[in-house]
Each structure stands twice: as C-alpha cells, then as structure tokens.
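Take a look at the structure set out below.
Every number here is computed from the coordinates shown, using simple stated rules; none is lab data. The model shown is predicted, which means the values in this text are computed figures rather than measured ones. Quick reminder, even Gly has a Cβ in these numbers, built from the backbone with ideal geometry, and neighbours come from all protein chains shown.
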Amino acid sequence: MLRRTLSCVPAILAQNASLSGRVFDQSRLAVPGATVVIAERRTSLKRSAQTNGSGLYSLPDLPPGTYDVTVLATGFESQERRELVLDVAQQAQLDFSLEIGQMTQTLPVTGGYERLQTTEASVSNLVERQLTANMPLN
C-alpha cells in the first residue's frame, strides 16, 4: 500500500504548472537580484523568486489558475502583468523589460521642534496665566 501512495506523487506534481523567464533593462542587459512575485487571483497564494546573475528566474510547482505577476528591482520602475492563465502541466515563459525609475525618497517628519536661541545664554520658560492665577499669595 505504501508503494501505491508514493507512485501517485509524480503524477500529482506533473499537474502543476511552472513559470520562468528573464528580467532585463531597456538595453537588454540582465537585472540580477530582481524580485518576481506571483499571486493567484482566486486563492491569494503568493510565491516569489529572485533573478540570478543572468536575470533568470524560475517559479516551479504552481497550481493551475489565473495569476498576477509583479517584478520589483532597485532603481527600476515596477512592472506588472495581470491575468496570466497557467494551465495543467504548462511551462510558461514570461520575460520583463524594466525601465529605469525615478530616484526619489520620501522621509516622513513627525513631532515638533524647539526654538534654539543662539544670540544669548539666558534661559526662559513660558508660564501659563491659569497657573499664576491659582498660586497662593503670602
């Protein structure tokens, strides 16, 4: 009985699809270290892979379904392909050509600031009117 169960495993794996491809820039040069994220639309299953030094990626053993594929790389604009249909045992290839992105960075600043007096060495503090009105007098 154990042999029969193990013999079914390759048949089940053969039903899965795979996705591979290459990520390159506008000059057709490889983009190593890019992240390829694939998300199944119905189940929200997500998988990711990194491109190697030649810009190649591989995502094996994907259940058949409809996927959205996103590629992210530092210094490049992200790119997305929507509604990619992977069928049973399909070995799909999907290449991406990335455009150079804008080098911008946003830093959120929170909190206030205190004024710094640099022309004299005196120390002062503001006392609220309510505090002085409630002080006992001798």
Give me Ile100, Ile38 sorted ascending by neighbouring Cβ count inside 10 Å, so fewest comes first. Ile100, Ile38
Length released on extending from Leu72 to Ala89, taking residue separation times 0.36 nm less the Cα-Cα span: 3.4 nm
Relative compactness, the stretch 2-98, computed as alpha-carbon Rg over 2.2 N^0.38 Å: 1.20
